[in-house]
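First up is the structure itself, then whatever we jot down about it.
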Amino acid sequence: MAAVAAAQKNREMFAIKKSYSIENGYPARRRSLVDDARFETLVVKQTKQTVLDEARQRANDSSVEPEILDDKPTQKPEQLNGNDDDVGLTEEEVVLANAIAEDPEAEKATQRAVLILRLREGMNSLSRVLKTVEKYQGLVLHLETRSNKKENSQLDALVKVELSRVNLLQLLKGLRQSGTLEHVTLIGEDNISAKNPWFPRHASELDNCNHLMTKYEPDLDMNHPGFSDKEYRARRKQIAEIAFAYKFGDPVPYIEYTETENKTWNAVFTMVCDLMPKHACLEYRKVFRTLQEEGIFTPAKVPQLEDMSNFMKKQTGFTLRPAAGLLTARDFLASLAFRIFQSTQYVRHTKTPFHTPEPDCIHEILGHMPLLADPSFAQFSQEIGLASLGASDQEIEKLSTIYWFTVEFGLCKENGETKAYGAGLLSAYGELLHALSDKPEHRPFDPAKTALQPYQDQEYQPVYYVADSIDDMKDKFRRWVSQMSRPFEVRFNPHTGRVEVLDSVEKLESLVHQLNTEVMHLGNAINKMKTSDL
């Protein structure tokens with residue numbers, strides 16, 4: 001884990017070295033979901049490599065020498081295909097080995113797996129492999145062979161086997177040490193594959209998705225406006241502990257905001273009220289007025305998250321969950337799949353009322369929550385969350401980038417004019433005025449291009465993406481998401497509150513039945529409307 005610790009240290013030193021100049025109420029350095037996702041990718045990659053290296057070392061140092069094949073290796077294992085991937089254990093085998101280690105009974109459990117083999121000696125090699133499977137009390141369930149496209153003298157074989165987990169590991173190790181095989185690949189079944197990672201299936205499992213990024217915590221970053229304010233740091237710690245103690249099903253804890261915190265809210269709220277009529281999109285303005293009418297938005301005090309959550313639930317089904325700080329990108333996006341927005345409850349430092357380097361409750365309440373109470377935008381937010389479940393680290397980066405240029409800094413057309421819908425714009429007047437000026441470049445929203453756009457985290461964005469409408473943005477996003485590499489599709493079941501993986505005929509038939517029922521109700525409604533018009 002030394003590599004992970006070093007990466008974390010470098011990360012913190014990088015943040016410390018950044019300048020902290022202020023222009024129009026907006027500092028140069030700010031938090032970025034995209035930056036967080038890239039850092040997560042680096043840490044996960046280093047951690048995964050460390051785990052694999054350790055597991056492979058244990059496998060190579062094992063004193064157990066399985067008697068697999070009758071023939072002796074003609075080459076050293078690392079020379080079989082010119083790389084180290086076949087030495088020891090693959091990623092899937094590490095998962096399998098860990099499952100055995102965690103449960104003594106697991107090693108005896110029957111396991112199905114698919115092996116892809118490159119046979120040097122054609123059918124002679126295959127006969128030895130089949131005898132070896134039999135020797136380890138395995139059962140061959142399916143077998144296919146074909147000529148190798150590059151080497152006519154070699155065969156490729158797909159063998160589906162069933163045997164105990166411990167015997168499967170021994171079989172794989174022995175096959176890799178055999179000179180009759182070019183290489184061996186394990187394709188896992190029955191949850192032994194690392195390619196199907198864990199992700200929350202129910203909102204209660206978000207209790208396990210509260211990992212924090214420490215990049216801009218006032219205790220760690222000397223450039224944070226609250227770094228030298230002991231009272232502010234103590235206040236932040238107090239509110240963070242409240243969030244850490246939160247569990248699914250609890251009401252959002254009430255925070256007694258101080259006079260200073262309410263004054264900071266008042267300054268930002270007044271600024272937003274001045275700019276909103278001219279620069280905010282219609283969807284934002286409508287919900288904002290409703291919040292004022294219901295007495296939730298007032299200039300005198302910071303709204304309570306519980307009141308906001310109840311309001312949003314009635315409008316779109318979105319609810320709020322308190323967060324202790326800046327969450328990792330994967331955890332944050334996962335919560336959106338359940339129509340849950342993880343929000344901080346602390347207030348930015350009074351020294352910089354019009355900006356915070358990390359998300360505070362003013363940014364979240366004024367920037368995000370009005371649009372999460374709009375049905376169309378709420379649907380788009382949930383679809384980003386659903387797309388993130390089980391996605392690769394690279395795809396999480398792309399989804400985070402799209403989130404950055406839409407939910408945080410998005411622009412849209414409205415009656416021929418460009419309006420803001422991004423929370424980072426609506427809660428920070430400096431960048432809002434910049435985004436709507438002639439200085440930056442405005443490009444049409446295209447998810448494939450947006451996902452690759454470099455972001456700017458030290459000054460205002462040079463490029464913004466403009467959607468024709470929120471509905472148009474959703475349609476384009478759906479087409480792009482359908483091309484992701486994730487080998488399964490998910491949906492949120494509003495009746496059970498669970499995310500379902502659509503991986504069986506039974507689940508698909510159930511979904512089709514529900515859709516047919518909805519279409520029937522839709523048809524009945526249309527017919528009745530036509531009848532009433534006659």
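The values are calculated or read from the model by the stated rules, or taken from the named source; none is laboratory data. Here the structure is a predicted model, which is why all the values come from computation and not from measurement. Cβ atoms come from the backbone with ideal geometry, glycine included; neighbour counts cover every protein chain shown. These accessible areas exclude ligands, DNA and RNA; they are computed on the full protein's heavy atoms, side chains included. Shrake-Rupley method; radii C 1.70, N 1.55, O 1.52, S 1.80 Å.
Within segment 225-237, does at least one residue satisfy the condition of being at pLDDT 95 or above, buried (at least 22 other Cβ atoms within 10 Å of the Cβ) and not in a helix (DSSP H, G or I)? No, there is no match, as no residue in segment 225-237 is at pLDDT 95 or above, buried (at least 22 other Cβ atoms within 10 Å of the Cβ) and not in a helix (DSSP H, G or I).
The residues in segment 100-138 that are out of contact with any Asp or Glu (no Cβ under 9 Å at 6 or more places or on another chain), modelled with pLDDT under 80, open to solvent by less than 50 Å² (accessible area, probe 1.4 Å) and in a helix (DSSP H, G or I) can be counted, and the count is 1. Within segment 240-264, residues that are touching a residue at least 40 places away in the same chain (Cβ under 8 Å) and open to solvent by 90 Å² or more (accessible area, probe 1.4 Å) sit with their Cβ atoms under 8 Å from residues that are in a helix (DSSP H, G or I) and of a type in the set (Ser, Thr, Tyr), at 6+ positions apart or across chains, in these pairs: PHE248/SER204. Taking each residue of segment 268-282 that is over 16 Å from ASN415 (Cβ atoms) and looking for partners that are open to solvent by less than 10 Å² (accessible area, probe 1.4 Å) and in a helix (DSSP H, G or I) with beta-carbon atoms closer than 6 Å, six or more apart or interchain, yields VAL268/ILE362; VAL272/LEU366. Here TRP404 meets the list (1) buried (at least 23 other Cβ atoms within 10 Å of the Cβ); (2) at pLDDT 95 or above almost entirely, failing just condition (2). Which of the residues belonging to segment 459-492 are β-branched (Val, Ile, Thr) and within 14 Å of PHE377 (Cα to Cα)? If the condition is that a residue be β-branched (Val, Ile, Thr) and within 14 Å of PHE377 (Cα to Cα), then ILE470 is the only one that fits. Of note, ILE396 does not satisfy the criterion of being in contact with a helix residue (DSSP H, G or I) (Cβ under 8 Å, 6 or more places away or on another chain), in a helix (DSSP H, G or I) and modelled with pLDDT of 95 or more. Of the set (1) open to solvent by 20 Å² or more (accessible area, probe 1.4 Å); (2) closer than 18 Å to ALA423 by Cα, all apply to LEU336 but (1). Restricting attention to segment 486-516, the residues being within 19 Å of the chain's Cα centre (by Cα) and of a type in the set (Asp, Glu) number 2. Each residue in segment 399-431 was checked for being hydroxyl-bearing (Ser, Thr, Tyr), touching a Gly at 6+ places or on another chain (Cβ under 9 Å) and outside any helix (DSSP H, G or I), and 2 pass.
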